[in-house]
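Below: the structure, in structure tokens.
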């Protein structure tokens, strides 16, 4: 079945450094969603990308959908302690259900 | 948070016992989902519902059953719990007014000893 590969599994950054997580699929995606899960919390919807080459920004977060609609990325500029958590991508399959990446955990170095 | 609650929030049970988890929503959304979350696997769909008495299997449905007798309640049952079902279980809804966005309950941490 459809799979979404997300890398890296963990990323350790100093506060103020940038963070990026990537999602890749071998098949063309109809859309892709991004969620954030704080430690001990539940996933929270961030954004949905639908169009080829789409770029959306939310303050320090930049989301991109590849031209071929097979990959997506989330980039955070100048990380802050409030950014700590795990970021998931999720792609919609042909039955309109979400297929989730394994997540990238953002860890701020002390 | 789309008014989603889950109960219980924590449960410890023994292998072989039946367990039922409840998801309750207050905003009349049609689609409801049960996921399990394990380290390194992201979220995996167990079952979902697209209306009262309308349910279907997800990726990891073996050992689980569901029921939806009312729009607001979606129950997940482990007929005979096994240690491999130790996990965090999340219920979610698909928001009827926001294309395909899912909103999650707070989760239930289940430990099977």
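Quick notes on this one:
- Reference-scaled alpha-carbon Rg (2.2 N^0.38 Å with N residues) for chain A: 1.02
- For chain B, the relative contact order is 35 percent, taking Cα pairs closer than 8 Å that sit 6 or more residues apart in sequence and dividing their mean separation by the residue count.
- DSSP beta bridges fully contained in chain A are about 90 percent antiparallel.
- Peptide B:85-94 has a mean of 1 when you count, residue by residue, the C-beta atoms of other protein chains within 10 Å of its C-beta.
- For B:97-104, mean number of other protein chain Cβ atoms within 10 Å: 5
- Classified by the C-alpha gyration tensor, region B:7-48 has an oblate form. Its axis ratio a/c, with a ≥ b ≥ c, is 1.5 or above, and a/b does not exceed b/c.
- Note on region A:44-110 and region B:56-113: Cα centroid distance 24 Å, given to the nearest whole angstrom.
- Potential lengthening of the chain between residue A:58 and residue A:38 amounts to 5.4 nm, from the contour at 0.36 nm per residue minus the alpha-carbon distance.
- Taking the Cα atoms of region B:40-113, the ratio Rg/Rh between the radius of gyration and the Kirkwood radius comes to 0.96.
- Mean separation of Cα contacts under 8 Å, 6 or more apart, over the residue count of chain A: relative contact order %: 37
- With neighbour counts taken as other beta-carbon atoms within 10 Å, the residues A:42, B:10, B:47, B:41 rank, fewest first, as B:10, B:41, A:42, B:47.
- Shape category assigned to the protein assembly as shown from the gyration tensor of Cα positions, a/c cut at 1.5: prolate
- Residue-averaged beta-carbon neighbours from other chains (10 angstrom radius) around A:27-34: 1
We did not get these values from a lab; they are worked out from the coordinates using the rules stated. Predicted, not measured: the structure shown is a model, and the values here were computed from it. Positions of Cβ are generated from backbone atoms using ideal geometry, with glycine treated the same way; all protein chains shown enter the neighbour counts.
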